[in-house]
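The values are calculated or read from the model by the stated rules, or taken from the named source; none is laboratory data. A quick note: this is a predicted structure, and the numbers were derived from the prediction, not measured. When we count neighbours, we look across all protein chains shown, and the Cβ atoms used for this are built from the backbone with ideal geometry, even at glycine.
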Amino acid sequence: MSGRIPQRFIDELLERVDIVDVVDSRVPLRKAGKNYSARCPFHDEKTPSFSVNPDKQFYYCFGCGAGGNAIGFVMEFERLEFPAAVEKLATLAGLEIPREENAPVTAVNVRQAELLKRLESAGAWFKRQLKEHPQAGVARDYLQRRGLSQETIEAFGIGYAPPGWDNLLRALAPSDAEKKLLLDAGLLIQRDEGGLYDRFRERVMFPILDNRGRVVAFGGRVLTDEKPKYLNSPETPVFHKGQELYGLYQARRSQKELERVLVVEGYMDVVMLAQNGIGWASGTLGTSLSASHLQRLYRYTTQVVFCFDGDEAGRRAAARSLELALPAMQDGRQAAFLFLPEGEDPDSLVQKIGAEAFKAKVAAATPLSEYLFEHHGEGIDLNNPDGLARLSKLVLPAISRIPGEVFRELMRRKLAERIGMSADRLPGAAPAPRPAILEDSPPAPPPRRPLAPSGHRRVQGSARSALRLLLQNPQLAREAGDTSALSALEEPDLPLLLELLAYLRKNPMASMGGILGYWYGTPEGDLLNRLAAADPVPGHDAEQEFKDILRHLSSRVVSNLSEDRRRELESIPFTEMSPEQKQEYMSLLRARPH
């Protein structure tokens, strides 16, 4: 089915389903005042900190920060992508999903569907060639020498691209239109002098599946002396190397809960580990790890173990992965680094030492909290004050990039212990002022303290306060008027406030659930989840508070403009000013706050 799911349907779906029923059918809930509570299904805990609010149709965990609407819960709990979660809830609500028939969007989706169909056909053709082609014996012998069973070959859909320049071309592209589709899918290459030929020739073929199990690309392992040894599909409309991970789909299907994911480099590493009962490995398709890779991994697991060769190249790759991992380390997430003996890779090592010994090595991998100090401490003499100061200067900026507040503070304490001083004496020890919502609400219940009354707000006139009010009262957007001038201010969260106001102007009937769904899976969505978890302050005038905040922000714009004009006038010697400029300058001076 092509086309985008309309926002109006998503809003209607969230109105039709009850989040309490959705959650309770998967995690038993208990009534707790006006809300419902349970132990959080997304992290281990002994006392319930997971709360479902039936009025807001919203869930939030005060322990790990997970939160969102019914669609978001189904996505996280069942590890589904957005369209699949919507389809599941729509079935529950007895609704048929409409699709927007916007021509450009439909055209793109139709084109992608056509490419996916050809890639699926190519995967089936490669598998047939491994079984039937007269020259496939060399490929079968290779896989047998590498130790792969027929069951594993079938499970990963491994195939064979026979020798020749146009085997796939002749088999799957009888027309010019089909040839164009195969070219766009990355299966053919355009000759400089004209004409097309097969990209993959005389190679063992590994299909690459996306998170829905669809073939989106291939990796081919050469069986001759041809270079490169491994050849991947190019970037296409349906395949982006910086996002896909080989074997992740199979890993998700192999077990209900992914306790951890081992990130390795090669196709054979993933396949051989799976054959040995380690079905939770995933490969990076010959590219460097990316932030998108990490975001996808942490959607399905809380622990990522990076596996590297023990040589210098492996150490450099580990350092790059460390830099990427730091900003992804929310509280509750873990990362570790495993270095293999030089000359070994996961494929060879698991066959040499066995699955249980290999699992023990993974379990003993160096946690990020230790590797951070190992990496930055390399080559530094830590037996003298100069070396300890140098370590602190290198490690503190890295620690500051950790978003998880608890983990970041624990890392500061570990650094303080290593250099022999108290954590509160480290540079930057005075914590930055926390957002009002975080200062006024507890990290975990019980007890819960209400937000301070509006007359005693800690961050009066802040964009974050306005965001909180809008989430709880979306109709306030009608009172905002023209806010375009606010974009001149440099304040955290102001861009999100302006985006939310624009969204509510386009969707005046949007609910909190609709808003959270729109920003689901983004850093902005995480912030909105935390803000939505706060209870409204009883007895205060939300509309008046919202207007006061916008008025305060607007006055800051005017003040900033006045300051800019004053500085501009001060660049002119007073004796050279015109009478009008002198009068304007004196007025600006009198208006300055003291």
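List of remarks:
- Only helices (runs of 4 or more DSSP H) whose full extent lies in segment 465-533 are considered here, and the ones with at least 2 residues that are among the hydrophobic types (A, V, I, L, M, F, W, C), in contact (Cβ under 8 Å) with a residue 40 or more places away in the chain and touching a helix residue (DSSP H, G or I) at 6+ places or on another chain (Cβ under 8 Å) are 512-518, 523-532.
- Flag if F42 is outside any helix (DSSP H, G or I) and within 19 Å of D526 (Cβ to Cβ): yes
- Residue match in segment 553-574 (condition: aliphatic (A, V, I, L, M), at pLDDT 65 or above and surrounded by 15 or more Cβ atoms within 10 Å (Cβ to Cβ)): yes
- For segment 446-465, the criterion of being touching a Phe, Trp or Tyr at 6+ places or on another chain (Cβ under 8 Å) and at pLDDT 75 or above is met by no residue.
- Taking the criterion of being among the small types (G, A, S), under 23 Å from G157 (Cα atoms) and surrounded by fewer than 20 Cβ atoms within 10 Å (Cβ to Cβ), the residues of segment 275-315 that qualify are G277, G279, G286.
- Candidate set: segment 222-250, residues that are within 20 Å of the chain's Cα centre (by Cα) and aliphatic (A, V, I, L, M); chosen: the one farthest from S288 (Cα to Cα): V238
- Screening segment 236-282 for residues that are among the acidic types (D, E) and assigned to a loop (DSSP other than H, G, I, E, B) and picking the one that is nearest to A317 (Cα to Cα) gives E265.
For (1) of a type outside the set (D, E); (2) assigned by TED's automatic domain parsing to the domain that holds G420; (3) assigned to a helix (DSSP H, G or I), each residue gets a yes or a no:
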| position | (1), (2), (3) |
| --- | --- |
| D347 | no, no, yes |
| K352 | yes, no, yes |
| E356 | no, no, yes |
| A389 | yes, yes, yes |
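- Top-ranked residue in segment 203-257 [being aromatic (F, W, Y) and surrounded by 21 or more Cβ atoms within 10 Å (Cβ to Cβ); ranked as nearest to E78 (Cα to Cα)]: Y246
- Filter result for the condition that a residue is touching a Phe, Trp or Tyr at 6+ places or on another chain (Cβ under 8 Å), at pLDDT below 85 and either surrounded by 17 or more Cβ atoms within 10 Å (Cβ to Cβ) or aliphatic (A, V, I, L, M) (or both), over L95, L80, L29: L95
- There is at least one residue in segment 290-313 that is within 18 Å of K352 (Cα to Cα), charged (D, E, K, R) and outside any helix (DSSP H, G or I).
- Residue that is surrounded by 13 or more Cβ atoms within 10 Å (Cβ to Cβ), in contact (Cβ under 8 Å) with a residue 40 or more places away in the chain, among the aliphatic types (A, V, I, L, M) and not assigned by TED's automatic domain parsing to the domain that holds R79, where the choices are I153, I158: I158
- Annotation note: Cβ proximity below 6 Å between a residue of segment 55-77 that is free of Cβ contacts under 8 Å to residues at least 24 places away in the same chain and a residue that is of a type in the set (G, A, S) (sequence gap 6+ or interchain) occurs for C61/S49.
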